[in-house]
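As structure tokens, the structure follows; a few thoughts come after it.
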Amino acid sequence: MRTRIHGIAGLTLAAGAVCLGGATLSVPTYAASARVLVPTDSAYLKECGACHMAFSPELLPASSWRAVMGRLDDHFGESAKVDASVQRGITDYLVANAADRATNEQSRAIMGSLSTNESPLRITQVPYIAGLHAAVLDPIWNGTPRPKTLTECGVCHIKVQSGDYKSKDFSVNDEAFRWKK
Amino acid sequence: MATGRGIVVAVAFALLGVGGRACAGPVDDLLQQFQAQGASHFTVAAGEALWERSVTDPKTGEVRRCALCHTTDLRKVGKHATTGKAIEPMAPSVNPKRLADKEKIEKWLERNCKWTLGRVCTPQEKGDALTMIGSR
């Protein structure tokens, strides 16, 4: 299963490289995989980017996106309901670009931390992501910033607009993460 | 009766015209629609009162009001109460994109009334809110 997905992704990337090849041969599209896809689908940005940032589809598996999209009238205490056709379009976009199809390092770590059939509704409930953030969510942690929840990733990951969670440009102020600077 | 309603709509037009906005259209349509649903005349004062009305959510115990996310001064950038995401100013005088799309206005009034007040807003409340926002 995995191998097949990677195979397809590899082909797509190879095709991308061929296309790019005409213009700039030296840019390796494959190796830039520390970053996650920055969403561009206009319906997704419009309907899913008003209350919080429009998360990269590559941060959750397809099964999670289907679950989130299947209960939009009961969405973390709010209603994010959209027309049925818009809902289908956004679901298709998220599923087609989900973490299980992605080859970047973050998506692989996300998939690797989930057991089969585990479909968290939150990115922050994915074991890999939850583990990374346990320290900043600990009540006794005294670094900054201290948002109420982790949902606005960009508060700390200031390069998130370019899909970069690994960047050394990081607004968290704490001894433990000094190496990041 | 019919003339009274005409005057009310005219007043609403005038109020909405204050900011010198280009797109009065969608709001006028909605105000007429709300009146057809039984609302009487709309005032900025009633809209302000609705904006600052506090309602305690029975499930979470949180005290909620419109200003929580959109701020009391509608010309300022707001902040989503749960996620902390910045919300562009609501006042059309500083953010011309506001009150320009009928579907968008209806969608958010429905969502925000339910979340804030625990129920949908009446046509009267919706008209008052739009009249107040349009005056900013």
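Values quoted throughout were computed directly from the atomic coordinates according to the rules given, and no laboratory measurement underlies them. The structure presented is a predicted model; accordingly, all values stated were derived computationally and were not measured. Here Cβ is always computed from backbone atoms with ideal geometry, including for glycine, and neighbour counts include all displayed protein chains.
For region A:106-125: of the residues being touching a residue at least 60 places away in the same chain (Cβ under 8 Å) and within 11 Å of the chain's Cα centre (by Cα), which is farthest from A:L137 (Cα to Cα)? For region A:106-125, the residue satisfying everything is A:S107. Scanning region A:33-59 for residues that are away from chain B (no Cβ under 14 Å) and either among the charged types (D, E, K, R) or within 18 Å of A:H157 (Cα to Cα) (or both) yields A:S33, A:A34, A:R35, A:V36, A:L37, A:V38, A:P39, A:D41, A:S56, A:P57, A:E58, A:L59. If only one of B:K126, B:K102 is closer than 25 Å to A:D74 by Cα, away from chain A (no Cβ under 14 Å), among the basic types (K, R) and surrounded by 19 or more Cβ atoms within 10 Å (Cβ to Cβ), which one is it? From the options B:K126, B:K102, the qualifying one is B:K126.
Of the helices (runs of 4 or more DSSP H) contained entirely in region A:69-146, those carrying at least 1 residues that are among the aliphatic types (A, V, I, L, M), away from chain B (no Cβ under 14 Å) and closer than 30 Å to B:T60 by Cα fall at A:84-96, A:127-137. The residue that is nearest to A:H133 (Cα to Cα), among those in region A:147-158 that are among the hydrophobic types (A, V, I, L, M, F, W, C) and within 12 Å of another protein chain (Cβ to nearest Cβ), is A:L150. Do we have B:R119 as within 26 Å of A:C153 (Cα to Cα), more than 10 Å from chain A (Cβ to nearest Cβ), among the basic types (K, R) and in contact with a helix residue (DSSP H, G or I) (Cβ under 9 Å, 6 or more places away or on another chain) here? So B:R119 fails the test. Here the condition is being of a type in the set (K, R) and closer than 21 Å to A:M53 by Cα; of A:R101, A:R71, A:R108, it holds for A:R71 alone.
Residues in region A:54-104 that are under 22 Å from B:C69 (Cβ atoms) and either free of Cβ contacts under 8 Å to residues at least 12 places away in the same chain or not β-branched (V, I, T) (or both): A:A54, A:F55, A:L72, A:D73, A:D74, A:H75, A:F76, A:G77, A:E78, A:S79, A:A80, A:K81.
State yes or no: is A:A80 surrounded by 18 or more Cβ atoms within 10 Å (Cβ to Cβ) and over 15 Å from the mean Cα position of the chain (by Cα)? For A:A80, the condition - surrounded by 18 or more Cβ atoms within 10 Å (Cβ to Cβ) and over 15 Å from the mean Cα position of the chain (by Cα) - is met.
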